[in-house]
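What follows is one structure encoded as structure tokens, with my remarks underneath.
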Amino acid sequence: MIRRIVTLTTSYPRFLGDGVGAFVEPISKGVVAHGYEVHLLAPWHPLVKRPPQEGDLHFHFFRYAPTTRLHVFGYASALKADVSLRGSAYLAAPLAVSAGCWALHRLLRMTNVKLVHAHWAVPGGFMAALGRFGFQVPLLVSLHGSDVYLAEVNPLARAAARLAFGRATWITACSDDLARRAVQLGADPDCMTVVPYGVDTDRFKPDATVRASLREQHGLAQDDPVLVIAGRLVRKKGFEYLIDALPRLTERFPRLVLIVAGGGDLEPELRRRATHGGVLNHVRFLGAVNQGEVARWLAAADLAVVPSVKDDSGNVDGLPNVLLEALSSSTAVIATAAGGMGTVAKEGQTARVVHERDPDALTNAVSQLLLQPATAKELGQRARAEMCRTHSWERTAEQFEDAYACAFRRAQRTPDHV
């Protein structure tokens, strides 16, 4: 019997190395490696460069607008600085949700699907809940962070999330914090499991050759102190607090350089902040970079910093990929415990953990590790060993397969949830 499922998502890497929705790809391919045939359904985007099929992973991109310019739904583009919905999202959402529901309904009618796996409660879970109407197919909804935040602050999104939770046969969350918040919104804790993300330990690893060549390419000496932050330039990443720490750090370490690998709405503000602090010449904004380039910079850095925060609107990362990637790179990591980060960033074991929004704490942690390279090296090595042991994508795929089994069993016991 073919174990065929539909994965419904609003973000997926549009081309090789794309960082948008990057974790959905190894989840999908991991499930395929476990013997499933996966039909991935996602909104069309002008940058999509995917073949119709990669082995048992089939792609179905649905259009929802009459012109290319109006295809602005999904792919991390709905939220401005991850704080408020863009006006274009309000305009595109009804068209995209309707088209997505119809595309799912048609796919279910054409194929013998055993389960629908929707990423993000809003909009993916909501679309799946509506699109599978009339089909006795279990629904698993995976929560990733921005969906729960949106439901917490937006009444329409809250109603959509509650519908998804009510129709879901099983739910997964990438962290305990996210699971707890989902329960507060109405998710059933008795049909939920926490499935953390994995990390590609073959891509994100120490590499002395990469370190030497990348530094030479960018005019950095081998002994220049290099810090790296990576991710979208949005409020919840907390990058401004590290920039605020730079004036004191550059006094102590005059050749220190901060690499900012990522683009986003806050870049002009961050540049102004660095200028105001007199440290713009110590900061290099790379803009959006692919996953391979992030891996290279993490290998080239002395320290990786993940200063995430719960922002003023209440948004916070579930479990940011870059934290796992940095820990896997054997580069010493300084992080906060925001959201679900404390489950992997463990003070003195895998990382230095500091309070959120605290430039002084960041200054002290960076200074201590730069002055104690042996300590930093040992910390990085322990972190990589932990990631290889507990956070492989193979392990994540096994956990998703367990969640699928839970959904199948619950569907058999309670047919009203299929």
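Annotations
- Normalised contact order of region 208-390, rounded percent, pairs of Cα under 8 Å and 6 or more residues apart: 23 percent
- Which of D147, D223 has the fewest Cβ neighbours within 10 Å, and the rest in rising order: D223, D147
- Distance from region 146-173 to region 325-342 (C-alpha centre basis), Å: 27 Å
- Descending semi-axes in Å of region 208-390, equivalent ellipsoid built from Cα gyration tensor: 21, 20, 16
- Rounded to 5, the percent of DSSP beta bridges in region 208-390 classed as antiparallel: 5 percent
- Contact order normalised by residue count of region 158-197, Cα under 8 Å, 6+ apart, percent: 48 percent
- Among 349-360, 158-169, the order from most to least packed when residues are scored by Cβ within 10 Å on average: 158-169, 349-360
- Part-to-part distance (alpha-carbon centres) for region 98-120 and region 349-397, which is given in Å: 41 Å
- Helices that extend 24 Å or more along their long axis by alpha-carbon positions and average at least -1.0 on the Kyte-Doolittle scale are, among the DSSP H runs of the chain, 87-110, 373-390.
Where a number appears in this text, it was derived from the coordinates with a stated rule and is not lab data. These figures come from a predicted structure and were not determined experimentally. A quick note on method: Cβ atoms are made from the backbone with ideal geometry, for glycine too, and the neighbour counts reach across all protein chains shown.
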